[in-house]
Every structure is written in structure tokens, then in C-alpha cells.
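Only one structure is covered here, and it is reproduced in the block below.
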């Protein structure tokens with residue numbers, strides 16, 4: 001989703017009459033992006049923790065959940081302009097078996 005400044009606000013900003021509003025809008029948008037990124041990161045941590053303790057019969061479901069959480073996190077990072085995921089993969093300890101599932105639809109959804 002892309003955000004577009006309201007027309008009246010854009011006109012006033014170009015005229016130099018309302019410079020503070022643009023920075024307030026940008027600050028609010030950045031705050032929302034950071035909040036969403038943090039939320040997605042916590043979902044990944046929770047999914048990876050569940051995967052680590054998953055019993056063999058529940059491992060496939062835990063892998064699917066972790067793959068979906070990591071995929072959503074990577075998408076959110078890319079929306080924030082963070083396109084290199086190598087450090088995050090290493091720091092969060094995302095296993096290769098999760099990375100191979102990124103973007104894959106679960107069997108039930110096919």
C-alpha cells in the first residue's frame with residue numbers, strides 16, 4: 001500500500017504555508033512502519049520458538065507457520081527499504097528449512 005498526501009495538504013506544503021504538516025505526516029507514517037515491523041518481528045520470534053519445541057507430529061505445521069511469519073516479516077522489511085535479510089537470518093537463527101518455505105502456500109490452500 002502506498003500513501004499519498006491529501007491534495008489540500010500537498011498544495012499548502014508546496015506554497016510553503018504548511019511545512020510542519022508534511023514532517024508530522026512523515027513522522028506518523030514512519031512510526032506506523034516501525035510499529036508494524038516490530039510486530040512482525042515478534043511473530044517470527046514466537047513462531048521460531050514454537051518450531052524449536054515442536055513435537056515430530058506437529059513439526060510440519062510449525063514449519064508452515066514459521067515460514068509464513070518470516071515471509072511476512074521480510075515483506076514488511078522490504079516495504080521499509082531494508083532489502084538485505086542476511087543479517088536478520090543469522091541473528092534470528094532462521095533455519096534453512098524455514099527459508100525454503102517462504103512464499104509457499106500451505107497444502108490446504110491449493
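The values are calculated or read from the model by the stated rules, or taken from the named source; none is laboratory data. Small disclaimer: the values here were computed from a predicted structure and weren't measured. Note that each Cβ is placed from the backbone with ideal geometry, even for glycine, and that neighbours are counted across all protein chains shown.
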Can you tell me how many residues within region 5-55 are farther than 30 Å from residue 97 by Cα, under 14 Å from the mean Cα position of the chain (by Cα) and either modelled with pLDDT of 85 or more or surrounded by 11 or more Cβ atoms within 10 Å (Cβ to Cβ) (or both)?
2
How many of the residues in region 56-81 are farther than 20 Å from residue 104 by Cβ and either crowded, with 16+ Cβ neighbours inside 10 Å or in contact with a helix residue (DSSP H, G or I) (Cβ under 8 Å, 6 or more places away or on another chain) (or both)?
2
Tally of residues being outside any loop (DSSP other than H, G, I, E, B) and out of contact with any helix residue (DSSP H, G or I) (no Cβ under 9 Å at 6 or more places or on another chain) across region 97-109
2
Flag if residue 83 is assigned to a loop (DSSP other than H, G, I, E, B), modelled with pLDDT under 95 and more than 22 Å from residue 29 (Cα to Cα):
no
